[in-house]
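Here the structure is laid out as structure tokens; the discussion comes afterwards.
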Amino acid sequence: MRVRVPVQAAYGMKAKDDPLAFLLVLNGELADREASMRPVVGPRLPPAVKDSAGFITDDCIRVD
């Protein structure tokens, strides 16, 4: 399993990190935040991004 470079950078993951172990730790940290009622930003652009046009494309796999 490979995590692409932009995703690694977004999450602060080093190239040598094991992706599954890294994501397991991250998941635990997010669960702790939720349990203590601290904010968690879901899978989207962060609230600081006001104009999403430069981040959204139509290049994706589609099923016809």
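Key figures
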item: Qualifying residue in the range 18-38 (condition: part of a loop (DSSP other than H, G, I, E, B), within 15 Å of the chain's Cα centre (by Cα) and of a type in the set (F, W, Y)); result: no
item: Number of positions in the range 1-10 that are part of a loop (DSSP other than H, G, I, E, B) and exposed (fewer than 11 other Cβ atoms within 10 Å of the Cβ); result: 3
item: The range 11-64, residues that are surrounded by fewer than 11 Cβ atoms within 10 Å (Cβ to Cβ) and hydroxyl-bearing (S, T, Y); result: S36, S52, T57
item: Where a residue in the range 27-53 is farther than 20 Å from P6 by Cα and free of Cβ contacts under 8 Å to residues at least 60 places away in the same chain and its partner, wherever it lies, is assigned to a loop (DSSP other than H, G, I, E, B) and hydrophobic (A, V, I, L, M, F, W, C), with Cβ under 6 Å and at least six apart; result: L30/V40; R33/V40; E34/V40
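Laboratory data are not the source of any read-out in this text; all were calculated from the coordinates shown. Just so we're clear, the structure is a prediction, and the values are computed from it rather than from any experiment. Cβ: placed from backbone, ideal geometry, glycine included. Neighbour counts: every protein chain shown.
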